[in-house]
Amino acid sequence: MYWEPEIEQLPLARLQQLQLERLHKTIECAGRSPFYQQQFASGGVAVEQLRHIDDIRSLPFTTKDDLRSHFPYGFLADPKDGPVRLHCSSGTTGNPTVIFHNQHDLASWANLVARSLYCAGVRPTDVFQNICGYGLFTGGLGFQYGAEHLGALVIPAAAGNSRRQIKLMQDFATTAVHTIPSYLLRLHSVFTELGIDPRRDTDLRLFVIGAEPHSEGQRRRIEELFGVSAYNSYGLSEMNGPGVAFECQQQNGLHIWEDCFVVEIIDQETLEPLPDGEFGELVLTTLDRQAMPLLRYRTRDLTRILPEPCPCGRTHRRLDRITGRSDDMLILKGCNIFPMQIEKVLMRFAEVGSDYLIVVENRNGSDEMQIQVEVQKEWFTGNMEALENLSRKISHEVRDEILVTPAICLVEPGSLPKSEGKAVRVQDLRKPQESV
Amino acid sequence: MIAHQVSVFLENKPGRLEKITAVLKEQQLNIRAMTLSTSTAGWGILNLLADQPERACQVLTAAGHPAALREIVVVKMTDAPGTLHDMLLLLAKAGLNVQNAYGTVLGDQRSAILVIDVEDAESVQQIFSEAGVETLSTEQVYRI
Ligand SMILES: [Zn+2]
């Protein structure tokens, strides 16, 4: 049941010892990059004074702005021992961020993805269809090499063309799929149009979903529609991509691979570390990357560490579901609101689809929220009154959750905007528009 | 037999109505009468009296529009004043809630009909027949 039994069950003390050893090496390696060289010179990092892994708190943070302002080569630690690949963010505003990998890094990454997939239940006998963008996006090649390393038969299906995806699933008897959750709900409607029942007419048994925050309700809906078990994946390109943290078969929190990452949760205001169990910003340090190590990188993802040990026996701690990215948080009438809170409520209503768009705008000096939700074809009865009651009910339940009363606007299925295949959840018209 | 209209969900945005009529035209489906009920929240329901409601509903759904068949009762209107009021009174007395009602003129250009959208078409038909109000048969409705 483990990909690497020894590492995955390593007792805490030994895991921390391993982290400390790897941290020393990582700092040494990082010191060869222009950015850290300069930072270490001005701040004076004494490696010998790091005697416990918690001493990592004496190091400064690295932020996304640092990555952007030192684009493209400022973080490259080992230009000689050749980087062999780069992955680049889309960078809708300002400089993109770029991450370099050498051969060691790629092998380590593939192993982490294999370990993650194995943890969720993927086996060498599986046919694994990877439905996501290849190219610069890390989900394509990341899962490709990871699932190959595990020994599964991998279909590099890439994104889009739902009919072809379904054909591939049928032709090669796909058993496992990786994709983003919002796409699965769209894919299901294509199954319905074609008169194919994924529960009956395919061999699908396991989904890996990630790259997009989603609620527990959305996961359960996906599992119900397809008759599969769906496991959450967490990753970010700055930390390779997929394979940072993954759910085990308990489906209760994501094991974060602590032999390869140092995990901290900090208070966003004070930047002080928070104890396990408390929500804050996730801060990660790479422990097994040579071409471009990152120290105390502020992910801007909000979550907490689940304090209890997991029944599966893995000693690596678990992250709770990501509540959202701190950039996604809306402040409206003095309330802090995450799109995920709204999604959680919408999932209770079968009459509306899973896509939604939150529009915030300032009308006559007052911030107003509108939520656009798609009417589900299957639940439409043509009754006007029923739809008006539904809108009111959704509005009330959302208000109970976020303390702000939104206007509910029903829209036609498939009419909400998508950006690079991912669902767009928030349009804040109070801010100057970013070009997407 | 109960006649049906097709009810389609649509957003109140330019071009949305044309998308629906284009689907029907492509399938050579005829629309006899049409009303649009709009909500204040930017959406509405389009009610269509079509010659082949089942097929119309099917093609609209396949084209991605939320569409449903709804039971209707169709009565011939006479010129006598107050007939509409009398009919609606009959329904109100029976506690039947009218969702929507719209009139149209028949092909012969002489008689008008009233399409009534109610939750329980069967009861309405019974009330009308007991009161001596003539309702149109399904065949008559679709061949208007
Ligand atoms: Zn576990």
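The values are calculated or read from the model by the stated rules, or taken from the named source; none is laboratory data. Not measured: the values here are computed from a predicted model. FYI the Cβ positions are ideal-geometry reconstructions off the backbone, even for glycines, and counts take in every protein chain you see. Side chains included, ligands, DNA and RNA excluded: accessible areas come from the protein's heavy atoms. Shrake-Rupley method; radii C 1.70, N 1.55, O 1.52, S 1.80 Å.
A simple count of charges around A:GLU278, restricted to other residues whose Cβ falls under 10 Å of its Cβ and scoring Lys, Arg +1 and Asp, Glu -1, yields -1.
First compute the accessible area of region B:71-142 with a 1.4 Å probe, then give the percent of it belonging to carbon and sulfur atoms. Before the final figure, lay out the partial values.
Working: 1970 of 3960 Å².
Whole-percent figure for carbon plus sulfur exposure: 50.
Reported to two decimal places, what Rg/Rh ratio describes region B:71-142 when computed on Cα atoms with Rh from the Kirkwood expression? Reported Rg/Rh (Cα atoms, Kirkwood Rh): 0.93. About its Cα centre, region A:231-332 has a charge dipole of approximately 280 debye under the convention of +1 per Lys or Arg Cβ and -1 per Asp or Glu Cβ, with nothing else charged. Among A:GLY324, A:GLY241, A:GLY43, the largest mean-square fluctuation in a Gaussian network model of chain A, built with springs joining Cα atoms closer than 10 Å, belongs to A:GLY43. Measuring from centroid to centroid over Cα atoms, what is the spacing of region A:1-29 and region A:168-201 in Å? Taking the Cα centre of region A:168-201 as reference, the centre of region A:1-29 is 39 Å away.
A Gaussian network model of chain A, with springs between Cα atoms under 10 Å, assigns the largest mean-square fluctuation among A:ILE331, A:ILE222, A:ILE408 to A:ILE331.
Per residue, region A:329-428 exposes 44 Å² of accessible surface when a 1.4 Å probe is rolled over the protein heavy atoms with every protein chain present. Overall shape of region B:3-70 was characterised from the C-alpha gyration tensor. The equivalent ellipsoid obtained from it has semi-axes of 18, 13, 10 Å, in decreasing order. Going from the isolated chain to the complete set of protein chains, region B:27-65 loses at least 50 Å² of heavy-atom accessible area (1.4 Å probe) at B:TRP43, B:ILE45. Put simply, the Cα atoms of region A:329-428 extend 38, 33, 25 Å along their principal axes, the longest span coming first.
Return a whole-number percent for the relative contact order of region A:31-159, with Cα pairs under 8 Å and 6 or more residues apart as the contact set. Relative contact order comes out at 20 percent. Legend: distances between Cα atoms for A:LYS377/B:LYS19; A:LYS64/A:LYS418; A:LYS333/A:LYS418; A:LYS167/B:LYS13; A:LYS393/B:LYS93; pairs beyond 26 Å are A:LYS333/A:LYS418; A:LYS167/B:LYS13; A:LYS393/B:LYS93.
Can you work out the accessible area per residue across region B:3-70, with the rest of the protein chains kept in place, probe 1.4 Å, in square angstrom? List each step's numbers first, then the result.
Details: 2960 Å² over 68 residues.
Ligands and nucleic acids excluded, the figure is 44 Å² per residue.
Using a 10 Å Cβ count of at most 13 others and DSSP loop calls, identify the longest part of chain A lacking such GluC sites (Glu not before Pro).
Longest stretch, sites excluded: A:1-268.
Restricting the calculation to Cα atoms, every distinct pair contributes to the Kirkwood radius of region A:178-326, found to be 16.5 Å.
Count Lys and Arg as plus one, Asp and Glu as minus one, and take only other residues whose Cβ is under 9 Å from that of A:LEU185; the net charge is then +1. Per the Debye formula on identical point scatterers at the alpha carbon atoms of region A:94-243, with no solvent, log10 I(q)/I(0) at q = 0.10, 0.12, 0.19, 0.20 Å⁻¹ is -0.33, -0.47, -1.14, -1.25.
Counting only DSSP H runs of at least 4 residues, each contributing -39500 (n - 2.57), and dividing by the residue count of chain A, the helix-based mean residue ellipticity at 222 nm comes to -9500 deg cm²/dmol.
What part of the accessible area of region A:100-222, given as a whole %, is carbon or sulfur when the probe is 1.4 angstrom? Could you put the intermediate results ahead of the total?
Values: 2460 of 4410 Å².
On region A:100-222, the fraction of accessible area on carbon and sulfur atoms equals 56 percent.
Among A:ARG300, A:ARG123, A:ARG51, the residue with the largest mean-square fluctuation in a Gaussian network model of chain A, with springs joining Cα atoms closer than 10 Å, is A:ARG51.
State the percent of C-alpha pairs, over all pairs in region A:1-326, separated by a distance greater than 37 angstrom. That tail contains 16 percent of the Cα-Cα pairs.
Hey, what's the Kirkwood Rh for region A:266-368 if you take every pair of different alpha carbons, in angstrom?
Values: mean 1/r = 0.0599 Å⁻¹.
It works out to 16.7 Å.
For region B:3-70, the fraction of 1.4 Å probe accessible surface lying on carbon and sulfur atoms is 50 percent.
In a shell of Cβ-Cβ distance under 12 Å around B:PRO53, excluding B:PRO53 itself, what net charge do Lys and Arg (+1) and Asp and Glu (-1) give? Display every interim value, and only then the final one.
Numbers: positive: B:ARG32, B:ARG55, B:ARG70; negative: B:ASP51, B:GLU54, B:GLU71.
Cβ neighbours under 12 Å give a net charge of 0.
The A-B contact accounts for roughly 1700 square angstrom of buried accessible surface, both chains included, probe 1.4 angstrom. Applying D = kT/(6 pi eta Rh) to chain B, where Rh is the Kirkwood radius over alpha-carbon pairs, T corresponds to 20 °C and eta to 1.002 mPa s, the Stokes-Einstein value obtained is 135 µm²/s. Summed over the residues of region A:170-275 and divided among them, the accessible surface reaches 34 Å² per residue at a probe radius of 1.4 Å.
When every alpha-carbon pair in the protein assembly as shown is counted, what percent end up more than 34 Å apart? In whole percent, the share of Cα-Cα pairs in the protein assembly as shown beyond 34 Å is 51.
Using only alpha carbon pairs under 8 Å that are at least six residues apart, calculate the relative contact order of chain A and give it in whole percent. If you can, show how the numbers build up before the last one.
Working: 865 pairs, mean separation 61.5, N = 436.
Over chain A, the number comes to 14 percent.
On the principal axes of its alpha carbon atoms, region A:1-61 extends 46, 20, 18 Å, with the longest extent given first. Within region A:376-398, the residues that become at least 20 Å² less accessible when every protein chain is included than when their own chain is isolated (1.4 Å probe; DNA, RNA and ligands ignored) are A:LYS377, A:PHE380, A:THR381, A:GLY382, A:ASN383, A:MET384, A:GLU385, A:LEU387, A:GLU388.
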